[in-house]
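Structure record follows, encoded as structure tokens.
The values are calculated or read from the model by the stated rules, or taken from the named source; none is laboratory data. These numbers come from a predicted model, not from an experiment. For neighbour counting, all protein chains shown are included, and Cβ atoms are generated from backbone atoms with ideal geometry for every residue, glycine included. These area figures cover heavy atoms from the full protein model, side chains too; ligands, DNA and RNA do not enter into them. Shrake-Rupley method; radii C 1.70, N 1.55, O 1.52, S 1.80 Å.
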Amino acid sequence: MDNKIDMYAKIQECASWIRKEIPNRPEIAIVLGTGLGRLADEIKVERAIAYKDIPNFPISTVEGHSGRLLFGKLGNADVVAMQGRFHFYEGYPMRIVTFPVRVMYELGIKTLFVSNAAGGTNPTFAIGDMMIITDHINFFPEHPLNGPNYPTGPRFPDMHAVYDRELIEMADAIAAERGIKVQHGVYLGTQGPTFETPAEYRMFRILGADAVGMSTVPEVIVAHHCGIRVFGVSVITDLGVEGKIEEVSHEEVQRAADAVQPLLAEIIKEMAERLWK
Ligand code: HPA
């Protein structure tokens, strides 16, 4: 999987293999990141395919992620959900981290939902808040579009509205109707695997971040390059705010995200319903 020309052929090969396996073409893709894992239970799965069984597909290593593509119905909408994503900190180069998004684009998806767990740097945030991502800062050391350009989009992509404004408005309306509190903010994606030092949190806040995490930005950049509409949410699982910084572990992040899952799943499910109509 070394050069980009080969990669493009591998992506096509992978997508055409999947096309033969699935009953319906999904238009909505969901990356079941931390905070959205439980949404899988809401999907009427018609076909689940393990990453290891898909030709050319990478295999995930992080505990708690089983590594499958789920094809099925969320409400009336045909969706594909990624159970398990690929993080840069696992050692994958960006072309592997973003490989599934490119495959799902080839399958015909028009909209991508992503979620993540993040440390809040905005002092008005609390643990357990959901932050609708309005913009991002790419702080990764490798750019996912580095190298020869893919024919899915321009060499120099515009980035002025990556997170679809209509989808943000739709989510806001659903949250308001149901009395669910949501925040808005800028997500800064950084490589990890260390959580931030207090000085790094301070720096990220000064740079304009409301939340910091180790994922999402690569997939979103590639999706945007493919012309896919993106909606992203961060679940604030810990705080990087001076005076409120405490020791943090993966388990605590998982626990805080789990508590918010039902509400986030409710919003995403309703969005899928409305998009499908
Ligand atoms: N940084 C800080 N806190 C976090 C992160 C992160 O990357 N992910 C979840 N909580």
So, with points 7 Å from each Cα along the Cβ direction, the residue 52-residue 8 label distance in nm works out to 3.3 nm
Ratio for segment 1-53, C-alpha Rg to 2.2 N^0.38 Å, reads 1.40
Sorted on mean Cβ neighbours within 10 Å (highest first), peptides 84-93, 212-221, 139-148 come out as 212-221, 84-93, 139-148
Given a 1.4 Å probe, the accessible area of the chain per residue, as a whole number of Å², is 43 Å²
Summing -39500 (n - 2.57) over every DSSP H run of at least 4 residues in the chain and dividing by its residue count gives a helix-only mean residue ellipticity at 222 nm, to the nearest 500 deg cm²/dmol, of -10000 deg cm²/dmol
Distance in nm between residue 197 and residue 146 label points, each 7 Å along Cα→Cβ, equals 2.4 nm
Full extension between residue 41 and residue 166 adds, at 0.36 nm per residue less the Cα distance, a length in nm of 42.4 nm
Between residue 184 and residue 155, the FRET efficiency computed from the C-beta separation at R0 = 41 Å comes out, to the nearest 0.05, as 0.85
Number of Lys pairs in segment 1-129 closer than 24 Å at Cα, excluding neighbours under 8 places apart unless interchain, is 14
Placing each pseudo-label 7 Å from Cα in the direction of the beta carbon, residue 252 and residue 76 end up separated by a distance in nanometres of 4.5 nm
Once residue 89 and residue 207 are pulled to full extension, the length gained, defined as 0.36 nm per residue separation minus their Cα-Cα distance, is 40.3 nm
In order over segment 200-212: 3J(HN,Hα) from phi, Karplus 6.51/-1.76/1.60, θ = phi - 60°, whole Hz, x for each Gly or Pro, gives 5, 4, 4, 4, 5, 5, 4, 6, x, 7, 9, 8, 10
